[in-house]
Amino acid sequence: MSETSLIAFPDQGERTLAAFFAAMASEIGATHHEILNELARALTERGWVQAVEHVVAKLGEMSSEDAVRTALGELEARRLVYVDREAGKFTGLLGCLSVTRTEHRGHLSSGIDVFTYGGMDLLTLNATLLKSVDLFTRCPVTGQDIRLKVEDGQIVESNAHGFAGFLASWDGQAPLAEVSRRSPLFANDEAMEAWVKAHPEVPGTEIPGDLMLWVGMSQATDLGNARFRLIGHE
């Protein structure tokens, strides 16, 4: 799907992403939700998803393949599903979940690994998938490995005390995966400040270590809750 065919969304500052997913959850239909649910369950239950045609055929048994294809195309336009049409494969979901491996890994309590495009989006997984999750990423400045555990919307373990984050702003038009990639976690405030200084072209919100457990997790939970309403994952 070409970039120009993607829908745009009104810029609402730091609330744009959560507002976007809330709006999408209220606008899409039952078949759209079924597709998102199927993909989310596949990722969390086995760590991979079937080819596009297999998913279309499976869900088409409950309605029709034409209806599923139409809904899938609309989900692409709404930025909720990424598809490699040439390969016939799904590549991403909800602007944050990557079907292929990345350096940002969430190890679910079920034993399955899921991956996000950026470090900050790891913090949304607990609320999005309703599972306890161990998080693994790396500070892009110091190279330090960052390991966290999130349960019930709270960080309960961390190897990097005082870790910080940067939440890139979305203007309602840029690719969501790119926004995620521009939202890292850092080993400390100094690393965050150095990264922000080196990337003046990236607008967003700095979340220093003393605000991460409260402000950072509050924003991550809000975003995760909005995504959960889309996938209806149970």
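Of the listed values [x] 13.2; [y] 12.0; [z] 15.3, identify the label whose number matches mean projected area of the Cα convex hull in nm² calculated from this model. Entry [y].
Per residue, the accessible area of region 3-140 comes to 43 Å², computed with a 1.4 Å probe over protein heavy atoms only.
Taken over region 41-133, the ratio of Cα radius of gyration to 2.2 N^0.38 Å equals 1.12.
The simple Förster model, with R0 at 22 Å and r as the Cβ-Cβ distance, assigns A30 and S218 a FRET efficiency of 0.10. If one takes the longest principal axis of the Cα atoms in the chain, at what angle in degrees, from 0 to 90 and to the nearest 10, does the Cα axis of helix 217-231 lie? Helix 217-231 sits roughly 10 degrees off the main axis of the chain. Here is how the number arises for the chain: DSSP H runs of 4 or more residues each give -39500 (n - 2.57), the sum is divided by the residue count, and the result at 222 nm is -11000 deg cm²/dmol. Measuring nothing but how far apart in sequence close Cα pairs (under 8 Å, 6+ apart) lie, relative to its length, region 142-234 scores a relative contact order of 30 percent. For the pair R46 and D145, a Förster radius of 25 Å applied to the C-beta separation gives a FRET efficiency near 0.45, rounded to the nearest 0.05.
Listed by chain and number, the lysines placed with their C-alpha closer than 18 angstrom to that of K149 are K131; residues fewer than eight positions away on the same chain are left out. Using C-alpha pairs below 8 Å separated by at least 6 residues, the relative contact order for the chain is 22 percent.
Determine which residues of region 124-146 fall in the zone a paramagnetic label at K197 would reach in this model, i.e. backbone nitrogen under 14 Å from the point 7 Å along Cα→Cβ. The answer is 141-142. Here the simple spin-label model places points 7 Å from the Cα toward Cβ, and for E190 and E14 these points are separated by 2.5 nm. Taking the C-alpha atoms only, the angle from helix 65-77 to the longest principal axis of the chain is near 30 degrees.
The values are calculated or read from the model by the stated rules, or taken from the named source; none is laboratory data. Quick caveat, the model's predicted, so the values are computed rather than measured. Counting neighbours? That spans all protein chains shown, and the Cβs are built from the backbone with ideal geometry, glycine included. Surface accessibility is based on the protein's heavy atoms, side chains included, excluding ligands, DNA and RNA. Shrake-Rupley method; radii C 1.70, N 1.55, O 1.52, S 1.80 Å.
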